[in-house]
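One structure below.
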2 protein chains.
Amino acid sequence: MKNRRKTKKIKIGNVFVGGNSPVLIQSMTNTDTADVKKTVKQIKDLEKAGCEIIRVAVPNMKAAKSLGEIKKLINIPLVADIHFSYELALESIKQGVDKLRLNPGNISNLENIKKVVKAAKNKKIPIRIGINGGSLEKSILKKYKNRVTAEGMVESAMRHIKILEDLNFTDILISLKASDIERTVEAYRLLSKKVKYPLHVGVTEAGTAFRGTVISSIGIGYLLYEGIGDTIRVSLTDKPTTEIKVAREILKSLNLKEDGPQITSCPTCGRTEIDLIKLTKQVEDIVKDIKKPIHIAVMGCVVNGPGEAHEADIAIIGGKKVGLIVKKGEIIKNVPENKLLEEFKKELKKL
Amino acid sequence: MKNRRKTKKIKIGNVFVGGNSPVLIQSMTNTDTADVKKTVKQIKDLEKAGCEIIRVAVPNMKAAKSLGEIKKLINIPLVADIHFSYELALESIKQGVDKLRLNPGNISNLENIKKVVKAAKNKKIPIRIGINGGSLEKSILKKYKNRVTAEGMVESAMRHIKILEDLNFTDILISLKASDIERTVEAYRLLSKKVKYPLHVGVTEAGTAFRGTVISSIGIGYLLYEGIGDTIRVSLTDKPTTEIKVAREILKSLNLKEDGPQITSCPTCGRTEIDLIKLTKQVEDIVKDIKKPIHIAVMGCVVNGPGEAHEADIAIIGGKKVGLIVKKGEIIKNVPENKLLEEFKKELKKL
């Protein structure tokens, strides 16, 4: 994996993003923001699932005026998602949000932009410029023959960045989401060479849980592998907590987050003589509340079993209705299949 | 995306791999290969799911002697997975398999290797060298301080390749699977610079369906994005058909396979005023048997809705208890939420 790209370190509420900070997981509520009770409940659920920064839509003044109360009742940084309206931005800042998601070029009047920037600067609130393939400016679309391109998305981002920089505002984060992997990856790749601001990474409108998991894993995974990305969001047409589950797995599988046990387990094949699918699910269940980053291997046969077991903290290698329990490469026990889980639990406890 | 790497074109049964051939999906049965009925049933299920090459374990002579009958009853190329035994390899070739998965260096005697290579050459059967992090040679492990490294995996592959090339056998495919993304990606990247043989790509022992889907999507997706990979396998500790589902989605999301409709749909947020999760699942259900590669967008609001709809063949944009049906960027109908699916179906039929 490439070294992580060096970005400006930015404070968002009680967390840091960029610099050498860990990659953080974001999501967005789907409740009516003005419904404080429902919104706070959802944010609490998301916190519990592992969400580290939360964004809420602010489509009207009633929503904006609810932000202060929401902020008081949650523990993670609160981001106000605003389109077009400087009044909503000013109210959100007043209410104490930790970050704005706002494209300054979409506010019609420079004086109004200045008001927002001044207020954000006073309260040390960063602004994320969120470029989305689905809402590129007409002038840019026209330039690129009415097609949404990675170049056009980057050009749009640079316009918004220039507006803020011209006002001496540099607490900037940027996202460049398209609904397909290629444009998303290319847009981030291009922009990462132009600016040092932290990047919020995701593929937008990725679809339902299954399709969205695959697309987000490839797109976000590719960028992280290339060292690009300071915060991530998995966008799914599903419960927001599912987004967090996928995001955590992406970070864990790239060793960007120590996040409980990793279970290596082989696909079953004609050599397997124990019920490996069932066994692995049972092991998953046994370790699901463990927070320590232990490496577990559940292997079906002796071809690759011993090698993988050698690398694991603890492993089960299946044989003919029996299993070996292996610790750090050393065989500890040879037990019949029906006693395997019990013995595994005992050995796990000793770790 | 990078252009696909130029590789040698190799015939496997009735399909081609490498050259400019499409990326093909492989899987492996988990039945006892000697149980012809069960094995054929599973292969047929896999064919139906979209599997394009199937591998079976050949751990003993009874399994080897079943291959001819299996071959007669299936439609996709049959690969015999063999470890150490030249006798099993010779019998598999005799039985008419389309490819061997066999590491020649693991056969103890050069004369025996020659027998296998001669038989394979006579029947024009390619050999895949399958390097697996879990079963590297001791001599290589020793050289790399007892650690499994990408370099060690490539060195192992080059040893096996040399054995075959020295015998003038070049119908070679190679895989280099480790159980983590980084070593897998690095090993393939290194080898892809050294040889022109087609590569079979996958992350091995990736775990159960959820974890395995994320890891395989990142690892396989990264390599395909880099132009590396001629066949793929998603290894899951789950039903083999689940592997195919994930593999198809990976290829589809990278536009490497035209494979039915693509549904772009947004994550829900506080702006959404229709039940988007339910609606998207219903749309998914309506189009699930369509084979044509149409692009559908299901969007929750007017912020990014119109932009994404512009790129789709047909789209639904949700509003306040109503939805717009859009075709190629043009609004066709404005319908109440409860009539939306009905009207969508009508418009879909016209496409």
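Pairing residues of the range B:202-231 that are within 15 Å of residue B:191 (Cα to Cα) and more than 7 Å from chain A (Cβ to nearest Cβ) with residues that are hydroxyl-bearing (Ser, Thr, Tyr) and not in a loop (DSSP other than H, G, I, E, B), at Cβ distances under 6 Å and at least 6 apart in sequence or on separate chains, gives B:223/B:188; B:228/B:188; B:228/B:192.
For the range A:123-146, a tally of residues being of a type outside the set (Gly, Ala, Ser) and touching a residue at least 24 places away in the same chain (Cβ under 8 Å) returns 10.
Among the conditions (1) buried (at least 24 other Cβ atoms within 10 Å of the Cβ); (2) among the aliphatic types (A, V, I, L, M); (3) assigned to a helix (DSSP H, G or I); (4) without any contact (Cβ under 8 Å) to a residue 40 or more places away in the chain, residue B:236 misses just one, which is (3). Considering only residues that are touching a helix residue (DSSP H, G or I) at 6+ places or on another chain (Cβ under 9 Å) and among the aliphatic types (A, V, I, L, M), look in the range B:275-295 and name the one that is surrounded by the most Cβ atoms within 10 Å (Cβ to Cβ). Selected residue: B:283.
Taken over the range B:93-113, the residue count meeting the criterion of being touching a Lys or Arg at 6+ places or on another chain (Cβ under 9 Å), of a type in the set (Asp, Glu) and more than 21 Å from residue B:200 (Cα to Cα) is 0. Scanning the range B:296-320 for residues that are open to solvent by less than 50 Å² (accessible area, probe 1.4 Å) and not in a loop (DSSP other than H, G, I, E, B) yields a total of 13.
For residue A:106, indicate whether it is farther than 21 Å from residue A:11 by Cα, touching a strand residue (DSSP E or B) at 6+ places or on another chain (Cβ under 9 Å) and of a type outside the set (Lys, Arg). Judged against the criteria, residue A:106 is not a match. Between B:170, B:272, B:242, B:268, the distinction of being open to solvent by 10 Å² or more (accessible area, probe 1.4 Å), in a loop (DSSP other than H, G, I, E, B), at pLDDT 95 or above and hydroxyl-bearing (Ser, Thr, Tyr) belongs to B:170 only.
Residues in the range B:198-227 that are open to solvent by 10 Å² or more (accessible area, probe 1.4 Å) and either under 21 Å from residue B:6 (Cβ atoms) or not assigned by TED's automatic domain parsing to the domain that holds residue B:28 (or both): B:226 alone.
Residues are listed down the side, and each one gets a yes or a no for (1) at the interface with another protein chain (Cβ under 7 Å from one of its Cβ atoms); (2) under 30 Å from residue B:231 (Cα atoms); (3) not β-branched (Val, Ile, Thr):
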{"residue": "B:257", "(1), (2), (3)": "no, yes, yes"}
{"residue": "B:262", "(1), (2), (3)": "no, yes, yes"}
{"residue": "B:266", "(1), (2), (3)": "yes, no, yes"}
{"residue": "B:272", "(1), (2), (3)": "yes, no, no"}
{"residue": "B:293", "(1), (2), (3)": "no, yes, yes"}
{"residue": "B:298", "(1), (2), (3)": "no, no, no"}
{"residue": "B:323", "(1), (2), (3)": "no, no, yes"}
{"residue": "B:330", "(1), (2), (3)": "no, no, yes"}
{"residue": "B:341", "(1), (2), (3)": "no, no, yes"}
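Show the residue pairs meeting these rules: Cβ distance below 7 Å; 6+ apart or different chains; first residue within the range B:324-351 and under 19 Å from residue B:260 (Cβ atoms); second residue exposed (fewer than 13 other Cβ atoms within 10 Å of the Cβ) and of a type outside the set (Asp, Glu). From residues that are under 19 Å from residue B:260 (Cβ atoms), there are no pairs.
When restricted to residues that are closer than 15 Å to residue B:197 by Cβ and among the charged types (D, E, K, R), the range B:136-165 contains 3. Candidates in the range B:108-120 are the residues that are under 13 Å from residue B:89 (Cα atoms) and not small (Gly, Ala, Ser); of these, the one that is most open to solvent (accessible area, probe 1.4 Å) is B:118. With the structure loaded, tell me whether residue A:158 is surrounded by fewer than 23 Cβ atoms within 10 Å (Cβ to Cβ), under 26 Å from the mean Cα position of the chain (by Cα) and of a type in the set (A, V, I, L, M, F, W, C) or whether it fails that test. Yes, satisfied. Can you tell me which residue in the range B:124-147 is most open to solvent (accessible area, probe 1.4 Å), limited to those that are assigned to a loop (DSSP other than H, G, I, E, B), among the charged types (D, E, K, R) and closer than 22 Å to residue B:88 by Cα? Residue satisfying both the conditions and the ranking: B:124.
Need pairs with beta-carbon distance below 6 Å; first residue farther than 11 Å from residue A:135 by Cβ and among the hydroxyl-bearing types (Ser, Thr, Tyr) and within the range B:304-315, second in a strand (DSSP E or B) and modelled with pLDDT under 80; sequence gap 6+ or separate chains. Close Cβ pairs satisfying both conditions: none exist. Of all residues in the range B:51-85, those satisfying the criterion of being open to solvent by 50 Å² or more (accessible area, probe 1.4 Å), more than 13 Å from chain A (Cβ to nearest Cβ) and more than 20 Å from residue B:243 (Cβ to Cβ) are B:61, B:65, B:69, B:71, B:72, B:73. The single condition among (1) in contact with a helix residue (DSSP H, G or I) (Cβ under 6 Å, 6 or more places away or on another chain); (2) acidic (Asp, Glu); (3) within 9 Å of another protein chain (Cβ to nearest Cβ) that residue B:311 does not meet is (1). Return yes when residue A:14 is within 13 Å of chain B (Cβ to nearest Cβ), open to solvent by 20 Å² or more (accessible area, probe 1.4 Å) and in contact (Cβ under 8 Å) with a residue 40 or more places away in the chain and no when it is not. When the stated conditions are applied, residue A:14 does not pass them.
Annotation: residue A:172 fulfils all but one of (1) out of contact with any Ser or Thr (no Cβ under 7 Å at 6 or more places or on another chain); (2) over 17 Å from residue A:99 (Cβ atoms); the unmet one is (2). Look at residue B:243 and say whether it is out of contact with any helix residue (DSSP H, G or I) (no Cβ under 8 Å at 6 or more places or on another chain), over 19 Å from residue B:20 (Cα atoms) and of a type outside the set (Ser, Thr, Tyr). For residue B:243, the condition - out of contact with any helix residue (DSSP H, G or I) (no Cβ under 8 Å at 6 or more places or on another chain), over 19 Å from residue B:20 (Cα atoms) and of a type outside the set (Ser, Thr, Tyr) - is met.
Residue by residue, here is whether (1) of a type in the set (D, E, K, R); (2) under 21 Å from the mean Cα position of the chain (by Cα); (3) within 14 Å of chain B (Cβ to nearest Cβ) holds:
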{"residue": "A:117", "(1), (2), (3)": "no, no, no"}
{"residue": "A:121", "(1), (2), (3)": "yes, no, no"}
{"residue": "A:130", "(1), (2), (3)": "no, yes, yes"}
{"residue": "A:154", "(1), (2), (3)": "no, no, no"}
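Residue under question is residue B:150, and the condition is that it be open to solvent by less than 40 Å² (accessible area, probe 1.4 Å) and within 13 Å of chain A (Cβ to nearest Cβ); does it hold? Spelling it out, residue B:150 is indeed open to solvent by less than 40 Å² (accessible area, probe 1.4 Å) and within 13 Å of chain A (Cβ to nearest Cβ).
Every test in (1) within 13 Å of another protein chain (Cβ to nearest Cβ); (2) surrounded by 21 or more Cβ atoms within 10 Å (Cβ to Cβ) is passed by residue A:186 save one, and that test is (2). Here residue A:180 fits the description: open to solvent by 10 Å² or more (accessible area, probe 1.4 Å), touching a residue at least 12 places away in the same chain (Cβ under 8 Å), out of contact with any helix residue (DSSP H, G or I) (no Cβ under 6 Å at 6 or more places or on another chain) and not assigned by TED's automatic domain parsing to the domain that holds residue A:341.
Set side by side, the residues A:97, A:195 differ, and just one is surrounded by 22 or more Cβ atoms within 10 Å (Cβ to Cβ) and assigned by TED's automatic domain parsing to the domain that holds residue A:58, which is A:97.
The values are calculated or read from the model by the stated rules, or taken from the named source; none is laboratory data. Worth saying up front: this structure is predicted, and the values here are computed from it rather than measured. Glycine also receives a Cβ, built like all others from the backbone with ideal geometry; neighbour counts cover every protein chain displayed. Accessible surface areas use protein heavy atoms only, side chains included; no ligands, DNA or RNA. Shrake-Rupley method; radii C 1.70, N 1.55, O 1.52, S 1.80 Å.
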